[in-house]
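Undergrad: The structure that follows is given in the form of structure tokens.
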Amino acid sequence: MAARLERLPFGVGHTSGRWKLWMAVLAAIAILGWYGWYLELSRGMIVTGLRNIGPMGGATWGMDVAFIVYFVGVSFAGITVAALVRLADVKALRPIARMAEALTVVSLVLAVFAIMYDLGQPLRGIVNLFRYARPQSPFFGTFTLVISGYLFASLVYLYLGGRRDAARCAEVPGRLQRFYQLWAAGYGDTREEQERRSRASFWLAIAIVPLLVVAHSTLGFVFGLQVGRPGWYSALQAPSFVLLAGVSGIGMLIVIAAVVRRTVAGTDRLDDGVFRWLGNALMILLLAYLYFMVVELLTSIYTGAEREREVTEALLSGRYAPIYWAAVALLVIPLAFLIMRYFRRGAGLTTLVASGVMVNLSAMAKRFLIVVPSQTHGTLLPYQPGSYTPTWVEWAEMAGLIAFGALLLAVFAKLFPIMPVEGSES
Amino acid sequence: MPRYGMVIDLDRCTGCRACMESCKVENNTPEATFWMYVFRFEEGEYPDTRVRFMPRPCMHCDNAPCVKVCPVGARYKREDGLVATDWERCIGCRYCEVACPYGVNTFNWTHPEEQYYLGWEDGAPPWANPDLNEPYGDERRRIAGGGRDEGVIEKCTFCVQRVEQGLDPACVHGCPLKALVFGDLDDPESPPSRLLRKKEAFRLLEEVGTEPRVHYVGGGPPSENSKQIDAVEARV
């Protein structure tokens, strides 16, 4: 075993005044979001901008659903990185494996919240989704594979991967010692234990890779299988969900890794190599996603099926055009940045982090554009075009969730080494 | 067992919307909610224009997309052809609503007492129908209009509370021109079956494979230039 740790690494257990101030701000936003949910529970979903499709001219799925999809998409990062590190032995990604897994767990927790926000009867939902589960519904996959399976696998992976560091941190006296002892659960880092851990994580990674594709696809199927909604009904829906999940997940991981490098001491191992790898991965995923977008667009405007065209027109030049073209710009500009970085090695982090932020904003907008226009402009019977404008409650709920997620990650970073402790990577 | 269906004679419909009114009174639906809806179309270009009407109840599809997607089986197909909503089981995810190509589902966006024309808390409104709270069918599930719990979905029930007593749905009963005909489509001598033999029929959006149990005779389906006369906007 490596030398005993003198003190907890990466600022674990030490909180500065500035950190506390940040947490207070995030907590305030999160609480505002929960207040919005309280309003929704007490007064009904009438406090949202959602209304019925058809005669009432509204959209019945809105921001909540867009963000369910977005949060599940971001969870792509953790599992992918973990699997790449373990199966493809990508050494460059090793330092960010744990923060990626933490990001997965946190974003899935946020997705669960967003699902609860979206249900008219959340309590019944918790009971009935198990009691009367129907595998024929595309939602079944969302609840079993995405939320339960994915979340469970990520937690197990995070736990197993952290045992060695927990054992090392448990040597440092302090308030957190009991917690580390519990996590380490008697791990002694003998050769036999190392082998067993390595074997377990290998098989877990093997099991996780198909789950990665299937889980994001089932979420795409929620939309892609609906023949009655022009703009949704497409075989490309499932694969492009996987790709946009990758774009937003890797983009968010870049942002988080950059924040960690900037704010946490002793994180020099987050070097340009790590970011170059992430930047290139993002570039490839972006290229693939843009290709899918173009294919989808051509298909819907070429033949000009009436209702299909109406949805596309609403996107390209109608009501949703500002959001659509902003989303396109927020994909194309990062792609330009990333291609430039690819050819000019060692470029600064600024453009990369900006790319990460931009693709995430774009992913939120794209999720919104997948969910909403097909309801307001995609009715097969000649209802008049509807409209949907989110209310402040929905904005507050979603801002609250994002703040809550940031809070969870920041607290995790103070409870446990956000990166593998030096000397425990062999 | 009879398998119910409806035939709508567009030649007879004058767009008076008495069916919408009858439905509202029978099922006590909330404000801005219409289980039965009558399209009023303007077609063509001046001077070659015409106005026509098309009632749109729930299609009670045999291959109902809403039944398929419901994650908890609250929306289900009954043996007698009705597509029912168990409002005691519904969790309010509104998947049925986005899956339905006809736009027939409506959601209870707020508490019942806040969305009625008259106060619910001062006892039942004058037209309240106790039959709406009863369980129906062999399954004994609560599928008629019912308590209107906040946060659950509802839609046209073909007035299951009347059909099980051998009566016609309220819209059929209330139509002054007998444009709506209800009955057992498996029985060749039932009024809807006879009407289907007499006139050429079509069903709405047959191309999406939903197998609707509502048939139309007289006239044709709405086309690309069918524009609604009445403006709609999101309101509750």
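Undergrad: Taking 1 over the mean of 1/r across every pair of different Cα atoms in the protein assembly as shown, what Kirkwood radius in Å do you get?
TA: 27.1 Å
Undergrad: Against the longest principal axis of chain B, how steep is helix B:18-27, in degrees 0 to 90 to the nearest 10, with axes from Cα atoms?
TA: 20 degrees
Undergrad: Tell me which residues come under 5 Å, amide H to amide H, from B:V214 once H is placed; ignore anything under 5 positions away on its chain.
TA: Placed amide hydrogens put B:M6 under 5 Å from B:V214.
Undergrad: For segment B:4-220, how many pairs of lysine residues have a Cα-Cα distance under 26 Å, where the two are 8 or more positions apart or belong to different chains?
TA: Going through segment B:4-220 pair by pair, I get 9.
Undergrad: For segment A:78-88, take each phi angle, set θ = phi - 60°, evaluate the Karplus expression 6.51 cos²θ - 1.76 cosθ + 1.60, and give the result in whole Hz per residue in order, putting x for glycine and proline.
TA: Ordered by residue, 3J(HN,Hα) equals x, 4, 4, 5, 4, 5, 5, 4, 7, 8, 9 Hz.
Undergrad: When the dipole is taken about the Cα centre of chain A, and only Lys, Arg (+1) and Asp, Glu (-1) are charged at their Cβ, what size is it in debye, to the nearest 20?
TA: 700 debye
Undergrad: Between A:E192, A:E171, A:E308, which gets the highest mean-square fluctuation from a Gaussian network model of chain A, Cα cutoff 10 Å?
TA: Residue with maximal mean-square fluctuation among A:E192, A:E171, A:E308: A:E192.
Undergrad: Please compute the volume of the convex hull spanned by the alpha-carbon atoms of segment A:102-167 and report it per residue in Å³.
TA: 98 Å³
Undergrad: Another one. Work out the mean other chain Cβ neighbour count within 10 Å for the residues of A:375-385 and drop it here as an integer. Kindly include the intermediate steps, with their values, before the conclusion.
TA: On the way: counts 3, 1, 0, 2, 4, 9, 14, 11, 7, 7, 1.
Per residue, the average neighbour count from other chains is 5.
Undergrad: Note the angle between two axes, namely the Cα long axis of helix A:122-131 and the longest principal axis of the Cα atoms of chain A, as a number of degrees from 0 to 90, rounded to the nearest 10.
TA: 80 degrees
Undergrad: Which shape class, rounded, prolate or oblate, goes with segment A:1-159 when its Cα gyration tensor gives a ≥ b ≥ c as root eigenvalues, a/c under 1.5 marks rounded, and past that a/b bigger than b/c marks prolate?
TA: It comes out oblate by the Cα gyration axes.
Undergrad: Roughly how tilted is helix A:191-224, in degrees to the nearest 10 and between 0 and 90, from the longest Cα axis of chain A?
TA: 10 degrees
Undergrad: Roughly how many Å is it from the Cα centre of segment A:81-141 to that of segment A:319-371, as a whole number?
TA: 24 Å
Undergrad: What list of ³J(HN,Hα) values in whole Hz, one per residue of segment B:192-201 in order, does the Karplus curve 6.51 cos²θ - 1.76 cosθ + 1.60 (θ = phi - 60°) give from phi, with Gly and Pro shown as x?
TA: Along segment B:192-201, the couplings run x, 5, 5, 5, 5, 6, 7, 10, 5, 10 Hz.
Undergrad: Okay, helix-only estimate at 222 nm for the protein assembly as shown: each DSSP H run of n ≥ 4 adds -39500 (n - 2.57), divide by all residues, round to 500 deg cm²/dmol; what do you get?
TA: -16000 deg cm²/dmol
Undergrad: With θ set to phi - 60°, apply the Karplus curve 6.51 cos²θ - 1.76 cosθ + 1.60 along segment B:167-173 and write out the HN-Hα couplings as whole Hz, x wherever there is a Gly or Pro.
TA: With coefficients 6.51, -1.76 and 1.60, one gets 9, 6, x, 4, 5, 5, 4 Hz.
Undergrad: Please give me the summed charge of the neighbours of A:L415: other residues whose Cβ is under 14 Å from its Cβ, Lys and Arg +1, Asp and Glu -1.
TA: +3
Undergrad: What are the principal axis extents of the Cα atoms in segment A:120-237, in Å, biggest first?
TA: Largest first, segment A:120-237 extends 61, 32, 23 Å along its Cα principal axes.
Undergrad: Highest GNM mean-square fluctuation, chain A, Cα pairs closer than 10 Å: which of A:A170, A:A24, A:A354?
TA: A:A24
Undergrad: Still on this structure: How charged is the neighbourhood of A:A406? Take every other residue with its Cβ under 15 Å from the Cβ of A:A406, and add Lys/Arg as +1 and Asp/Glu as -1. Intermediate values should be presented prior to the final figure.
TA: Numbers: positive: A:R18, A:K20, A:R262, A:K414; negative: none.
Charge balance near A:A406 sits at +4.
Undergrad: Amide H to amide H, which residues 5 or more places from B:T33 or on other chains are under 5 Å from it, using H placed in the peptide plane?
TA: none
Undergrad: Please compute the net charge surrounding A:T391, taking Lys and Arg as +1 and Asp and Glu as -1 over other residues with Cβ under 13 Å from its Cβ. The partial results should precede the final answer.
TA: Values: positive: A:R43, A:R51; negative: A:E40, A:D64, A:E394, A:E397.
Taking every Cβ under 13 Å from that of A:T391, the sum is -2.
Undergrad: Give me Rg/Rg_expected for chain B, where Rg uses Cα atoms only and Rg_expected = 2.2 N^0.38 Å with N residues.
TA: Values: Rg = 17.5 Å, N = 236, 2.2 N^0.38 = 17.5 Å.
Its radius of gyration relative to the 2.2 N^0.38 Å reference: 1.00.
Undergrad: With a 10 Å Cβ neighbour count serving as the proxy for reagent exposure, in which order, fewest first, do A:R175, A:R168 appear?
TA: Listed from fewest to most nearby Cβ atoms, that is A:R175, A:R168.
Undergrad: For chain A, with a Gaussian network of springs between Cα atoms less than 10 Å apart, report the residue from A:S248, A:S154, A:S16 with the top mean-square fluctuation.
TA: Maximum fluctuation in the GNM of chain A, among the listed residues, is at A:S16.
Undergrad: Also, I was wondering about something else. By count of other Cβ within 10 Å, fewest leading, how are A:F143, A:F113 ordered?
TA: Ranked by crowding around the Cβ, least crowded first: A:F143, A:F113.
Undergrad: Working out 0.36 nm times the residue gap between A:R262 and A:Q181, then minus their Cα-Cα distance, what length gain in nm do you get to one decimal?
TA: Extending this stretch completely gives an extra 26.2 nm.
Coordinate-derived values only; no laboratory data. Worth saying up front: this structure is predicted, and the values here are computed from it rather than measured. Quick reminder, even Gly has a Cβ in these numbers, built from the backbone with ideal geometry, and neighbours come from all protein chains shown.
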